[in-house]
Every structure is written in C-alpha cells, then in structure tokens.
Amino acid sequence: MLALTGVAASTAFVAGCGGGGNGDSGNGDGDGGVEIDPETRIELDGQTPGWVGIKPDSIADETNPTLILQEGESYEIGWTTGDGNQHNIAIYDENDDVVDDLVTEQVTEPGDDQWLEFEASSAMVTYICEVHPNSMVADIQVK
C-alpha cells in the first residue's frame, strides 16, 4: 500500500496537480496566462492559500491566474468574497512597489472599496494581497 501511495502522489504531481503557486492557470495562450479583454471586471475570491478566480469565466476556479492585459486599456480588479481573514489587493511593479497608488485598505469583509480601476501599463507585474504575500500573489503580463 505504501508503494501505491507514493506512485499515486508522483503521478498527481507529474500530471500538474502538485501546485506551485506560480499563477499558471493552464487556461492561457501557452505562456501560462489568460488574456483578459479590455473593460473587463476581474472578480476574485480572497482565500489565504491564493486568489481564486470568479469572473470572467476564463479564470473561474483558477488559483492565482496569470492575467494578460493590453497596454493602455482599462480594467477593474477586486475581490467580492473571502475566507474571513484580513486581505487587500495591490498592483506591484518589478521592485515590489505599488503602481500608481493601486492598493486597497486591509479588511476582513470585502466591499465596494476593494476594487481598483486602472489603465494597464508595462510597469505592472503582479497583483497581491499584502497580508499574505507568499500565497496570494500572481503575475500580470501587459502586451
């Protein structure tokens, strides 16, 4: 039985079920990301193990999906449900600095103030919960 468990665990990891939190949702264009249409509202569920996609459908149920955005186009990102723990959402650049004041307050219950409206720029590289920076973080690619 022990050998079977090891084989099953290895098979699950090789099949891509091992996780890794790298934002590779498997729904993308081969780069591990999901192209998001301009003017889209990107809705997330704030769970301490990671951001879980709600809308659009292309990111639904994906943990920490990589978002592919178009330079200069408008988007909105935020979280509408959570696990009761404190969270916020921010957009960081490559130096882990907040881009253009795109950060919300840390709260336990999301509300209208947990949404960020922005124009995509090449400075944006991640969206993150500053309370849980090791698990609730994913890539943004701007084309």
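Rule-based calculations on the coordinates, nothing more; no lab input. What you see is a predicted model, and the numbers here were worked out from it, not measured in a lab. Positions of Cβ are backbone-derived with ideal geometry, glycine not excepted, and every protein chain shown enters the neighbour counts.
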Would you work out the relative contact order for the stretch 21-142, in percent, from Cα pairs under 8 angstrom that are 6 or more residues apart?
28
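Fewest first, what order do TRP79, TRP115, TRP51 take by the number of other Cβ atoms within 10 Å? Each step should come with its number before you reach the end.
Working: TRP79 25, TRP115 17, TRP51 28.
By the 10 Å Cβ count, ascending: TRP115, TRP79, TRP51.
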Which one, THR126, THR81, GLY33, is farthest towards the positive end of the dipole of the stretch 21-142 when Lys and Arg carry +1 and Asp and Glu -1 on their Cβ?
THR81
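Pull up the DSSP beta bridges for the stretch 21-142 and report the antiparallel fraction as a percent, rounded to 5. List each step's numbers first, then the result.
On the way: 20 of 32 bridges.
Of the beta bridges lying entirely in the stretch 21-142, close to 60 percent run antiparallel.
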Collect residues whose amide H, placed 1.01 Å from N in the peptide plane, falls under 5 Å from the amide H of GLN141; neighbours closer than 5 in sequence don't count.
LEU67, ILE68, LEU69
For the stretch 69-80, what does the Karplus curve 6.51 cos²θ - 1.76 cosθ + 1.60, with θ = phi - 60°, yield as ³J(HN,Hα) per residue in whole Hz, taken in order and with x for Gly and Pro?
10, 9, 3, x, 8, 8, 9, 9, 9, x, 10, 10
